[in-house]
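A short write-up of the structure that comes next.
The values are calculated or read from the model by the stated rules, or taken from the named source; none is laboratory data. Owing to the predicted nature of the structure, the values given are computational and were not obtained by experimental measurement. When we count neighbours, we look across all protein chains shown, and the Cβ atoms used for this are built from the backbone with ideal geometry, even at glycine. Protein only, heavy atoms only, side chains kept; ligands, DNA and RNA dropped before computing areas. Shrake-Rupley method; radii C 1.70, N 1.55, O 1.52, S 1.80 Å.
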Amino acid sequence: MLLKHLHLVHFKNHSGADVSLGPQVNCFLGDNGSGKTNVLDAVHYLCFCKSYFNPIDGQNIAHGEPFMLVQGDFERLEVEERVSCGVKRGAKKQFKRNDKPYTRLADHIGRFPAVMIAPDDAALIQEGSEMRRKWMDAVISQYDRAYLDALIDVNKSLVQRNALLRYFAENRTFDASLLAPWDARIAPKAAVIAKARKAFVDDFLPGFLSTYAEISGGAEEVGLSLTTHVNDDPEAIAAKMHQAQDEDRRLRRTTVGIHKDDVVFTLGTHALKRFGSQGQQKSFVVALRLAQLAFIEQATGVKPILLLDDIFDKIDEKRVEALMKRVTNGTFGQVFITDTHLGRIPDMFASTGADVRVFEVHQGEVKVQTPSKA
Amino acid sequence: MYVLPRWSHPAILYLRPVQLPSRLIEAAVDQMATLPGIGRRTALRLVLHMLARDEDRVRDFAEAMVAMRSGVKPCGTCHNPTEEETCNLCANPHRDDATVCVVEDVRDLLALESIGEYRGLYHVLGGVISPMDGVGPADLTVDALVSRAAEGGIKEIILALPASMEGDTTAFYLAKRLVESECMLTTLARGVSVGEALQYADEATLSSSLLNRLPYKG
């Protein structure tokens, strides 16, 4: 899949940008705050209907402007498609594919897959289990629609069930027959999710392990596993929820279910979160993202776009160079890279013969630079 | 002088507390704006419209509202609004009192009545269960329905509730409560709507149609 053209109006610090993109490597170079990352974020918008950084649409509009527009011309499975996202202050965002607005944004997710590697990725290891569930949900949703539907349904049901538990606690009352309808609704959908998550981790692991070995040079052994207290049997889930009723009442929330799943990352036999070095954690996340890219391609038949934001923050020059070499042998499709250093990335590609387009970003303006000949 | 920001829409002016020319107008606008779907802007438009009317017509309007509120109460049997003890649907001897259709509110009842094919009675629930909005079975006419079913004489109860998560949950809860009544419980068919092309039906609708397919009757 390729993004051929990107058009931005009042998106963050870009008042207006028209960028024609190359099929392989697109570098956005410039100083801090020039708007390099915003170009990547615009691509993220088109693929995921939202910003990678700021979930509030209105805050992605340039200061003092009434609206913003992000529009991209894609080529997907040899068909040209136009995706656009318009946000007006105080109005709902308009997300369109080929000029037809979506009624459900969930219908768009996964159609134009992308993988982002950003400096704040280490949060995936450091933060709570919610981050890792979100990561897993985002990957699976890109190829499994039924999963996304089940997930949305379970989440809504859980909000209702928890509201009910709070009501019981606040009014010092309890009625199991009121909980039962929610359990009955949640259990079968939770089973769908549990099954998909288990299958995902099983399928994902081999690719991830080999990617990590390549990046680290086989220096250490890592692992990744799913911890959950439910299986894919709806009746067993319903029974467990029933058993946990007293605990639920005490804590005023649902204590058993797929919303308690976690993905555990290990280094040797230890938890990566506690015992991994910064460099090991960074390498782990990069390997995770790259394996994710290969996995999505395998599952959907569409090569995702790779967005590398400030990649030097994560890994040393040698490893970036090894990574960039893989770009040219067709492991990745289209790649977007940002860097503050003007010559560094173009120089790396000099010997590979890859199609490299270099853009200079300065105060929200994107200018094409002639390809450097080194 | 205060200059409006460029993104200011005229509507924004009404969101600010603008001094209205009279306290009575202010009070009327406040009342009007308590209605669902009516913001302050529309409320002001409606109030000014009332102001321009003959006083008698405005009195008729206000009296109609008050008379409606004090004269209408829920039917003792089905909770459909009525001026009598029993509504005209329940009192109609030609209707089939062995079938009861459970609906969320009066609007759903009217929609079902408008097709003119259903000859049974109704039960107006007054909402659906939604803990998030603080609505539980005690806020609905669930107990009345259960005792109505326990009295006997009802053969079938049709659950005609909205096809939403809350509607489904309410149906599940009612089904549990109605087990002992031994009435046959049915629910509205759910699937591709009449005149709809299959290719435009969403996946949930289509899969429900396939799952609940019917013997072909020609």
Legend entry - Of B:His123, B:His94, B:His79, the one that fluctuates the most in a GNM where chain B has Cα springs shorter than 10 Å: B:His94
Legend entry - Charge context of A:His5, other residues only, Cβ under 13 angstrom, K/R +1, D/E -1: -2
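Which whole-number percentage describes the relative contact order of region B:99-218, with Cα contacts under 8 Å and a sequence gap of 6 or more? List each step's numbers first, then the result.
Details: 134 pairs, mean separation 27.7, N = 120.
Reported relative contact order: 23 percent.
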Legend entry - Relative contact order for chain B, counting Cα pairs under 8 Å that sit 6 or more residues apart, in percent: 12
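Which number do you get for Rg(Cα) / (2.2 N^0.38 Å) in chain B? Provide the component values of the computation, followed by the final result.
Values: Rg = 23.7 Å, N = 218, 2.2 N^0.38 = 17.0 Å.
Normalised by 2.2 N^0.38 Å, the Cα Rg of chain B equals 1.39.
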Inset, instruction - Please give, to one decimal in nm, the separation of the simple spin-label points placed at B:Val192 and A:Lys260, each 7 Å out from Cα toward the Cβ. - result: 4.3
Inset, instruction - Run the numbers on region A:178-205: which residues show a drop of 50 Å² or more in accessible area, chain on its own versus all protein chains together, using a 1.4 Å probe over heavy atoms? - result: A:Leu178, A:Pro181, A:Trp182, A:Arg185
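Let me know the charge dipole size of region A:108-169 about its Cα centre in debye, to the nearest 20, where only the beta-carbon of Lys, Arg (+1) and Asp, Glu (-1) is charged.
Working: 8 positive and 8 negative charges, 55 e Å.
Charge dipole of region A:108-169: 260 debye, to the nearest 20.
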Legend entry - Virtual spin-label span in nm between A:Phe275 and B:Arg95, 7 Å along Cα→Cβ: 7.3
Inset, instruction - Take the Cβ-Cβ distance between A:Glu170 and B:Gln31 as r, set R0 to 22 Å, and report the resulting FRET efficiency rounded to the nearest 0.05. - result: 0.10
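Of all the accessible heavy-atom surface of region B:63-218, with the other protein chains kept in place and a 1.4 Å probe, what percent is carbon and sulfur? Before the final figure, lay out the partial values.
Working: 5420 of 9690 Å².
Ligands and nucleic acids excluded, carbon and sulfur give 56 percent.
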Legend entry - Extreme residue, positive dipole direction of region B:146-214, given options B:Val179, B:Ala160, B:Ala201 (C-beta unit charges): B:Val179
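For Cα pairs less than 8 Å apart in space and 6+ apart in sequence, what is the mean separation divided by the residue count of chain A, i.e. the relative contact order in percent?
Working: 676 pairs, mean separation 95.5, N = 374.
That works out to 26 percent.
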Legend entry - Among A:Ala219, A:Trp182, A:Ala322 the positive-end extreme of the charge dipole of chain A (Cβ point charges): A:Trp182
Legend entry - Unit charges at the beta carbon, dipole of region B:82-201: most positive-side option, B:Val102, B:Gly134, B:Ala91: B:Val102
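Show me the three semi-axes of the equivalent ellipsoid for the protein assembly as shown, from the C-alpha gyration tensor (sqrt of 5 times each eigenvalue), largest first, rounded to whole Å.
Working: eigenvalues 581, 236, 100 Å².
Working through the eigenvalues yields semi-axes of 54, 34, 22 Å.
Tell me the carbon and sulfur percent of the accessible area for region A:126-299, rounded to whole percent, probe radius 1.4 Å. Numbers along the way, then the final one.
Details: 4020 of 8080 Å².
Carbon with sulfur: 50 percent of the solvent-accessible area.
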Inset, instruction - Pull up the cross-link candidates among the lysines for A:Lys195, meaning alpha carbon to alpha carbon under 19 Å and not fewer than 8 places away within one chain. - result: A:Lys134, A:Lys240, A:Lys260
Inset, instruction - Rounding to the nearest 20 debye, state how big the charge dipole of the protein assembly as shown is about its Cα centre with +1 on each Lys and Arg Cβ and -1 on each Asp and Glu Cβ. - result: 1020
Legend entry - Projected label distance in nm at A:His5 and B:Asp139, using a 7 Å step from Cα toward the beta-carbon: 5.2
Legend entry - Per residue accessible area in Å² of region A:10-84, where ligands, DNA and RNA are left out and the probe is 1.4 Å: 39
Inset, instruction - Report the residue, chosen from B:Val124, B:Val179, B:Val100, that carries the largest GNM mean-square fluctuation when chain B is represented by alpha-carbon nodes joined by springs under 10 Å. - result: B:Val179
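Which net charge results when you count Lys and Arg as +1 and Asp and Glu as -1 among the other residues whose beta-carbon is under 14 Å from that of A:Val361?
Numbers: positive: A:Lys12, A:Lys36, A:Arg357, A:Lys367; negative: A:Asp18, A:Asp31, A:Asp41, A:Asp309, A:Asp310, A:Asp339, A:Glu360, A:Glu365.
Taking every other residue near A:Val361 into account, the sum is -4.
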Inset, instruction - Report the residues of region A:248-275 in range of a label on A:Lys195: point 7 Å along Cα→C-beta, backbone N strictly under 18 Å from it. - result: A:258-259
Inset, instruction - With springs only between Cα atoms under 10 Å apart, run a GNM on chain A and tell me which of A:Phe208, A:Phe284, A:Phe67 wobbles the most. - result: A:Phe67
Inset, instruction - For A:Asn32 and A:Asn329, compute 0.36 nm times the residue count separating them, minus their Cα-Cα distance, and round to one decimal in nm. - result: 103.8 nm
Legend entry - Size of charge dipole - region A:126-299 - debye, nearest 20, with Cβ of Lys, Arg +1 and Asp, Glu -1, no other charges: 620
Legend entry - Normalised convex hull volume, region A:175-282, alpha-carbon set, Å³ per residue: 116
Legend entry - In degrees, nearest ten, helix A:129-141 long axis to first principal axis of chain A (Cα): 70
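Would you calculate, for chain A, the mean residue ellipticity at 222 nm contributed by helices, counting each DSSP H stretch of 4 or more residues as -39,500 (n - 2.57) and dividing by all residues, to the nearest 500? Mind dumping the intermediate values first?
Numbers: 11 runs with 159 residues, N = 374.
That comes out to -14000 deg cm²/dmol.
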